[in-house]
Amino acid sequence: MKKLNVLFFALAVLCCINVAQAQVTPPAPSPSASITQVVGLTNVSVNYSRPSAKGRAVFGSLVKYDQVWRTGANQATKITFADEVTIMGNKLAKGEYAIMSIPSQSAEWTVIFSKNLGVNEGNYKMEEDALRVKVKPTTTANKVESFTVEFTDLGTNSANLEFSWENTSVKVKIEADVDAKVEKQIADFTNPNKDANGFFQASSYYFNNGKDLNKAYDWIVKSTSMQPQFWTLYLKAQIEMKLKKYKDAIATAEKSTELAKAANNTQYVEFNEKLLAEAKKMK
């Protein structure tokens, strides 16, 4: 009998433990979200929570004007830069920061990048700022129900970090130093021991970004001398046109056309035909 009582007691304890461990997990009212964007050649990641308006007035009510705000819900929004960047014209070292902001109804917002990753409205200290910038808000035509962070207006070396909620949008411009990275790559790829594709990539970057055409031409000459391809020869012809070497451009485009036809690439045949027509007018 005692053994049975002990057994029942053990089972009862085990059941209580299992009940205690079982939990009901409802959906979060401000669910977590993350977004990653390559700006230039730099990875930028944002982790944040997304509160919803749910019929409430947001700015000036739920979010007070002229008071520091965690720019989201739950923990402060976090942003990570893989390299040094420029924010609204100001340098900011690579690393992770908490984003705080001070919304304003009649003036610019203050957007803050804090070194304190555990910052909130109650423990914010200005001396922990890594950077603060002023940004003019805009009014959106459509209402944004849930707080949204996204990257917009993507360029070769820049993007806007945009915060949107209710009928308010704030854009913070981020710029990355693409040239420094590419120049380093070019220095490596144009090493004499490298292949023809390295010279082509270096030349293409210089040509498409309005840099030194003479350098671009030297590199594409090396590339096509090592391994002529219809696309590399077409770039060479384009550069020769820019340098007003019209006879050379004609000869190069004709060779590119020949190789493109052999590869059944009608697009480059068309590209070359247009270039040839222009070059023959200028000759």
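No value in this document is a laboratory result; all are computed from the given coordinates. Remember, it's a predicted structure, so these values are computed and weren't measured experimentally. Cβ sites come from the backbone with ideal geometry, for glycine too, and all protein chains shown count toward neighbours.
Under the definition of Cα pairs under 8 Å and six or more residues apart, what whole-number percent is the relative contact order of segment 32-176?
24
Spelling out what I want: for every residue of segment 167-181, take phi, set θ = phi - 60°, compute 6.51 cos²θ - 1.76 cosθ + 1.60 (Karplus), and round to whole Hz; glycine and proline get x.
So the Karplus estimates, Gly and Pro as x, are 10, 10, 10, 10, 10, 10, 7, 10, 10, 10, 7, 6, 4, 4, 5 Hz.
Which order, highest average first, do 69-78, 229-238, 87-96 follow once you tally other Cβ atoms within 10 Å for each residue and take the mean per peptide?
Top to bottom by mean Cβ count within 10 Å: 229-238, 69-78, 87-96.
For n ≥ 4 DSSP H runs only, could you compute -39500 (n - 2.57) per run for the chain, divide by its residues and tell me the 222 nm figure to the nearest 500?
-12500 deg cm²/dmol
Given labels modelled 7 Å from the Cα in the Cβ direction, how far is it in nm from ALA93 to ALA180?
1.3
Convert each backbone phi in segment 82-97 into a coupling constant with the Karplus relation 6.51 cos²θ - 1.76 cosθ + 1.60 (shift: θ = phi - 60°), then list the ³J(HN,Hα) values in order as whole Hz, x for Gly and Pro.
Calculated HN-Hα couplings, in order: 6, 9, 4, 10, 10, 10, 6, x, 10, 5, 9, 5, 4, x, 10, 9 Hz.
Cα axis of helix 196-208 to longest principal axis of the chain: angle in degrees, 0 to 90, nearest 10?
80
Output wanted: per-residue J couplings in Hz (rounded whole) for segment 129-138, from phi through Karplus 6.51 cos²θ - 1.76 cosθ + 1.60, θ = phi - 60°, x for Gly and Pro.
5, 8, 6, 9, 10, 9, 9, 7, x, 10
Within segment 159-183, which residues have the backbone N less than 17 Å from the label spot 7 Å out from LYS215 along Cα→beta-carbon, could you tell me?
177-183
Starting from the Cα-Cα distance between ASN120 and SER32, subtract it from 0.36 nm times their residue separation and give me the gain in nm to one decimal.
In short, 30.0 nm is gained.
Excluding LEU117 itself, calculate the net charge of residues whose Cβ lies under 9 Å from the Cβ of LEU117, where each Lys or Arg counts +1 and each Asp or Glu counts -1.
+1
Once both labels are modelled 7 Å past Cα along the beta-carbon direction, what's the TYR65-SER158 spacing in nm?
2.9
Starting from 0.36 nm per residue, how many nanometres of slack lie between LYS136 and GLU270 once their C-alpha separation is accounted for?
Full-extension gain reported as 43.5 nm.
As I understand it, the value is the acute angle between the Cα axis of helix 230-242 and the longest principal axis of the Cα atoms of the chain; what does it come to in degrees, rounded to 10?
Once rounded, one gets 70 degrees.
Full-extension gain between ALA187 and GLN23, please, as 0.36 nm times their residue separation minus the C-alpha to C-alpha distance.
My answer for the length gained is 53.2 nm.
Working from Cα positions, state the angle (0 to 90°, nearest 10) between the long axis of helix 2-21 and the longest principal axis of the chain.
The two axes meet at around 50 degrees.
Defining a contact as two alpha carbons under 8 Å apart and six or more residues distant in sequence, what relative contact order in percent does the chain show?
11
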